[in-house]
Amino acid sequence: MCKFVNNAKHSRIDKCMKNLIKNLNLYTNLNIKACCCGHNKYPMSIIINFDEEMIDLFSGKIIPRTRNFYIKDKKGYYFIPEVVKK
């Protein structure tokens, strides 16, 4: 997990996920739309476009949006409500 820094310049991809995403892009045909390591607070997520549906690769949950997948909590952490365990 990479260190969470509130108010840091927004990164397009978490540093700890760069190699994973690079290799997924290199060795698969996944259409990756977004990802987050979860910063040790939320589940790791990789959102892919599969047959015109947005799906979290880890949980298999369908995300009913085509963008703006993540929501910010009160402490500044981003998460996907559909994949957070209840």
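The values are calculated or read from the model by the stated rules, or taken from the named source; none is laboratory data. Just so you know, these numbers come straight off a predicted model, no measurement behind them. Neighbour counts are summed over all protein chains in view; Cβ atoms, including those assigned to glycine, are modelled from backbone coordinates with ideal geometry.
Assorted remarks:
- Scanning segment 56-68 turns up one or more residues that are of a type in the set (Ser, Thr, Tyr), surrounded by fewer than 16 Cβ atoms within 10 Å (Cβ to Cβ) and touching a residue at least 12 places away in the same chain (Cβ under 8 Å).
- Residue in segment 40-55 that is surrounded by the most Cβ atoms within 10 Å (Cβ to Cβ), counting only those that are within 21 Å of Asn23 (Cβ to Cβ) and not small (Gly, Ala, Ser): Ile47
- Residue count for segment 69-80 under the criterion of being in contact (Cβ under 8 Å) with a residue 12 or more places away in the chain and either assigned to a strand (DSSP E or B) or polar (S, T, N, Q) (or both): the result is 2.
- Counting only residues that are at pLDDT below 60, surrounded by 10 or more Cβ atoms within 10 Å (Cβ to Cβ) and not β-branched (Val, Ile, Thr), segment 4-22 holds 2 of them.
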